[in-house]
Amino acid sequence: MHFSKVAAAALAATVAYAHGDHGDNLADAASEAASSASSVVESATSTSVVKSTFTPTSLKAPFLEQFTDDWESRWKASHAKKENDKSESTEEWAYVGNWAVEEPSVLKGMIGDKGLVVKDKAAHHAISAKFPKKIDPKGKTLVVQYEVKLQDGLECGGAYLKLLQENKKLHKEEFSNASPYIIMFGPDKCGATNKVHFIFRHKNPKTGEYEEKHLNNPPMARISKTSTLYTLIVHPNQTYAINIDGEQQRNGSLFEDFAPSVNPEKEIDDPEDKKPETWVDDARIPDPEAKKPEDWDEDAPYEIVDEEAKQPEDWLVDEPTMIPDPEAEKPEDWDDEEDGDWVAPQVPNPKCSEASGCGKWEPPMKSNPAYKGKWTAPYIDNPAYKGVWAPRKISNPKYFEDKSPANFEPMGAIGFELWTMQNDILFDNIYIGHSVEDAAALAKETFDVKVKAEKAEEEATKPKEEEKPKSPSELTFKDDPVKYVRQKIDLFVTIAKNDPVQAIKFVPEVAGGLGVLLLIVVSVLLTLLGNSVNAPSQEQIKNAAKKGKDAAIDAKDKAAEAISTGAEKAQAEVQKRTTRASAQ
C-alpha cells in the first residue's frame with residue numbers, strides 16, 4: 001500500500017474510533033494536539049511586537065487631553081448649521097458627522113490607548129471642549145501639540161484644530177465655522193494641496209477688525225497610517241517653530257513669514273497720482289535714421305538646392321521604397337467577386353536599409369548663404385527716456401505698528417471643525433500650554449513609544465518581496481515556518497513512495513512526528529481488527545495521547561524559541577522606557 005493511502009487509512013481509523021465509546025480521551029488529546037500544532041504556525045508567523053499599556057500621564061497643563069473614560073464631560077459634538085455665504089444654509093451643510101472615542105483599528109501602538117475618531121465619510125464634523133479656565137498667552141510661550149492618525153489615509157480633507165476666542169457667545173452657542181478662532185493649526189490635504197496650516201487672526205488696533213495671517217511656506221502634512229505628532233511653538237520674542245514627529249520643519253518671524261503682513265507699510269502709492277501723457281518710458285527705440293541697404297534681398301529663400309551634392313554610388317534607383325509583404329497571405333474568407341482582387345499590404349523594402357537609399361535620387365537642400373530675411377532698423381538708446389514711472393509715495397493712513405503679535409487674545413476652547421472624504425481620522429494626546437519641556441515629556445511617554453510599535457508592526461506585516469524559492473535543504477524554520485513544515489512533509493512523502501527507509505533517514509523530524517501518530521493509530525486498529533487481541537486500556541490511551549500532546553508542545557516550544565530572543569530584547573526596551581517615564 002502506498003504511503004499516502006496508509007496515512008489516509010490511519011487518519012480515518014482514528015476519527016472512527018474517536019466516535020466510539022472509548023474515544024473521548026483520544027479525541028480530547030487529538031484536539032489539544034491539533035490546537036498546539038496550529039499555535040506553532042501562529043506563534044512563528046505572528047508579529048512579535050511588544051506593546052506598552054496606556055497609563056494616563058501625571059503631567060499638568062492648562063489643557064491636556066488623552067480621551068480617558070470621562071471625556072464626554074469635556075467634549076460636546078455640534079449639530080449646528082454651517083454658515084454658507086453663497087446660499088441659505090440647508091441640511092447638507094449641517095454638522096451631521098459622528099464622533100467616537102476608541103482604540104485604533106489600524107496599527108495599534110499601545111494597549112488601551114484611545115483617541116477621538118471621525119466616524120463618517122464625506123460629512124461635516126464639529127466638536128469642541130471648553131478650557132477649565134481661559135488661556136492667556138500674553139508674554140508667554142504658547143505650545144500646541146497633538147497626534148493625528150490617518151487610519152484610512154487622507155485624499156481630501158482636513159485634520160486641523162482651532163483654538164477659539166474667549167467670549168460670551170462661546171459659552172452660549174454651538175460651535176461652528178462661524179465661531180471666531182485665534183489660531184488654526186494642523187494638516188490639510190486635497191488633491192495637489194498638501195500643507196500644515198498655521199493661521200492666526202490678528203486684530204487691527206485702529207479699526208478693531210480681524211484679519212487672518214497665513215504662513216507663506218507651510219510644511220507638507222505626513223500622510224501615513226502611523227501616528228504623526230504636530231507641534232506649534234510661538235515664543236514671546238515673536239518667533240515660531242513647527243515640528244513634525246519632534247523634528248523642526250519651519251521656523252521664523254511672525255513679522256516676516258505671513259501674508260498679509262502683520263503691520264502694513266508706512267508709505268503707499270498715492271492713488272491720486274497719474275502717469276503724465278507725455279511720459280516716455282521706452283528705454284530703447286528703432287534708430288529713425290537707419291535705412292535698409294540697397295543690396296538687401298528680403299525675398300532670398302532660407303534654403304537652396306545643394307548643386308554640389310552627388311548621388312551615392314550604392315543608391316538603388318531601380319528599387320522601390322515599398323514592396324508587397326512577401327509573408328502576407330490571402331485570407332481564406334476573401335471573395336474576389338465581392339471583395340475585389342486581393343493585394344498584399346506594402347512594407348518597407350529591406351534592400352533600402354542596406355544601401356544609402358532607393359528610388360529616384362534628388363539633391364538635398366542646404367542653407368542659403370544669401371539669406372537675410374526681413375530688414376529691421378537697429379535699436380538705439382532713447383534720448384527722450386525718463387525712466388520707469390511710479391506714483392509718488394504718501395503716508396499710509398491705515399498704518400500701525402504692533403510690536404508683539406505673539407500676544408494672542410485669550411482663548412476659551414479647542415474645536416475640530418472638519419470636512420473630509422475619509423473617516424477614521426484619530427486625534428490623541430492634545431497639549432495646550434506654555435512649557436516646551438512638558439510637551440516634549442508627554443511625547444516621550446506617549447508618541448515615541450506607540451509610534452515605534454506601530455512602525456515595527458507595519459514593517460512586519462507588509463508583503464515580503466518575492467524571492468527565489470529555497471530548496472528543502474536550504475530553507476530554515478526561521479525563514480518561513482509554514483513553508484518549512486510543508487516542504488519537509490512533501491519531501492518525506494515523495495521519498496517514502498519509493499523507499500520508506502530512506503525517507504526516515506533523510507527527513508527524521510517528520511518520521512518522528514508520524515511515529516507518535518502511528519503509535520496511537522496502531523492501538524486503534526488492533527481493537528478494530530478483532531476480539532482475539534485485547535483492546536487498549538484507558539491508561540494506554542491516555543499515555544499515547546499524552547505522547548502526542550507532548551510532541552506537539554515540544555514543537556511549539558522550539559518554534560517559540562526562534563523568536564524569543566528578539567521579543568525579550570523588545571520587552572526590555574519597553575520596560576526601560578516605562579521606568580524612565582515613571583521616574584520623571
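The values are calculated or read from the model by the stated rules, or taken from the named source; none is laboratory data. Nothing here was measured: the structure is a model prediction, and the numbers come from that model. Neighbour counts run over all protein chains shown; Cβ positions are idealised from the backbone, glycine included. Keep in mind that these areas ignore ligands, DNA and RNA; they rest on the heavy atoms of the full protein, side chains included. Shrake-Rupley method; radii C 1.70, N 1.55, O 1.52, S 1.80 Å.
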Review point. Do the conditions hold for Ile199, that is, is it surrounded by 14 or more Cβ atoms within 10 Å (Cβ to Cβ), free of Cβ contacts under 8 Å to residues at least 40 places away in the same chain, part of a strand (DSSP E or B) and of a type in the set (A, V, I, L, M, F, W, C)?
Key: yes
Review point. Looking at Pro363, Pro383, which one is part of a loop (DSSP other than H, G, I, E, B), surrounded by 10 or more Cβ atoms within 10 Å (Cβ to Cβ) and over 53 Å from the mean Cα position of the chain (by Cα)?
Key: Pro363
Practice item. State all residues of the range 265-298 that are in a loop (DSSP other than H, G, I, E, B), within 12 Å of Arg392 (Cβ to Cβ) and open to solvent by 70 Å² or more (accessible area, probe 1.4 Å); if no residue qualifies, say none. Key: Pro271, Glu272, Lys274, Lys275
Exercise for review: Determine the pairs where a residue that is touching a residue at least 24 places away in the same chain (Cβ under 8 Å) and of a type in the set (S, T, N, Q), located within the range 117-143, has a partner that is in a loop (DSSP other than H, G, I, E, B) and buried (at least 21 other Cβ atoms within 10 Å of the Cβ) with Cβ atoms under 7 Å apart, the partner being 6 or more residues away or on another chain.
Suggested key: Ser128/Ser78; Ser128/Phe175
Check your understanding: Is there any pair with a first residue in the range 228-255 that is touching a residue at least 40 places away in the same chain (Cβ under 8 Å) and a second that is of a type in the set (Lys, Arg) and open to solvent by 40 Å² or more (accessible area, probe 1.4 Å) whose Cβ atoms are under 7 Å apart and which are 6 or more apart or on different chains, and what are they?
Key -> Thr228/Arg222; Pro236/Lys140; Ile242/Arg250; Ile244/Arg222
Revision key, fill the gap. Restricting the range 39-88 to residues that are modelled with pLDDT of 90 or more and acidic (Asp, Glu), the one surrounded by the most Cβ atoms within 10 Å (Cβ to Cβ) turns out to be Glu65
Practice item. Give just the number: which of (1) part of a loop (DSSP other than H, G, I, E, B); (2) surrounded by fewer than 18 Cβ atoms within 10 Å (Cβ to Cβ) does Thr226 not satisfy? Key: (2)
